[in-house]
Amino acid sequence: MFFFGFSEDWAALGQPDDWATQAAAELFRPDRSLVLLLTAGREVAFWNERWRRRTGLTDRDLAGVPTEVVLDWLFPQQRDRDRVADLLQPGCTGGQLLLSLLAPEGCQALVCTFLHSLAQKEIAGY
């Protein structure tokens, strides 16, 4: 299970050892960041209005679609998809990449952070 997110104010989020769990309440503030919970073979979690506006993808578009396919949609460039796939491999703790994210008016370059979640059961009932 991985968190994927980007924020306009990373410093305000802090950097504790298990950031994905300890900062969960702060992460989901709609004014600070966009976060997705990525679980292989399952739908993405935490898709919200900010994601809909940023990408043009609706809840209906994502219904029943596994994380792997959604990631392909979010990152149209094969080079970016390959880099994301490398971060999601077992044993990888995550990383930060500059990626081209799908947007209604064309792709936007964004710094994206992927963090492996060690406390799966503590996060949103997953």
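For region 87-99, state whether one or more residues are within 14 Å of the chain's Cα centre (by Cα) and assigned to a helix (DSSP H, G or I). Yes, some residue in region 87-99 is within 14 Å of the chain's Cα centre (by Cα) and assigned to a helix (DSSP H, G or I).
Just one of the listed residues (25, 124) is modelled with pLDDT under 60, among the aliphatic types (A, V, I, L, M) and assigned to a loop (DSSP other than H, G, I, E, B), and it is 124.
Residues being part of a helix (DSSP H, G or I), at pLDDT 85 or above and hydroxyl-bearing (Ser, Thr, Tyr) are represented in region 52-72 by at least one member. Taken together, the residues in region 73-93 that are surrounded by fewer than 17 Cβ atoms within 10 Å (Cβ to Cβ) and either under 19 Å from residue 46 (Cβ atoms) or among the polar types (S, T, N, Q) (or both) amount to 5. Taking region 28-42, which residues are under 18 Å from residue 87 (Cβ atoms), modelled with pLDDT under 85 and not in a strand (DSSP E or B)? Answer for region 28-42, where residues must be under 18 Å from residue 87 (Cβ atoms), modelled with pLDDT under 85 and not in a strand (DSSP E or B): 39, 40.
Identify, please: which residue in region 104-120 is among the aliphatic types (A, V, I, L, M) and under 20 Å from residue 67 (Cβ atoms) and is, among those, modelled with the highest pLDDT? So that I can check it myself, show each step before the final result.
Initial filter on region 104-120 (among the aliphatic types (A, V, I, L, M)): 109-111, 115, 118-119.
If we keep only those that are under 20 Å from residue 67 (Cβ atoms) too, we end up with 110, 115, 118-119.
Working: 110: 85, 115: 80, 118: 56, 119: 44.
So the residue we want is 110.
The values are calculated or read from the model by the stated rules, or taken from the named source; none is laboratory data. Values in this document were obtained by computation on a predicted structure and should not be read as measured data. Methodologically, a virtual Cβ is constructed for each residue, glycine included, from the backbone with ideal geometry; neighbour enumeration extends over all protein chains shown.
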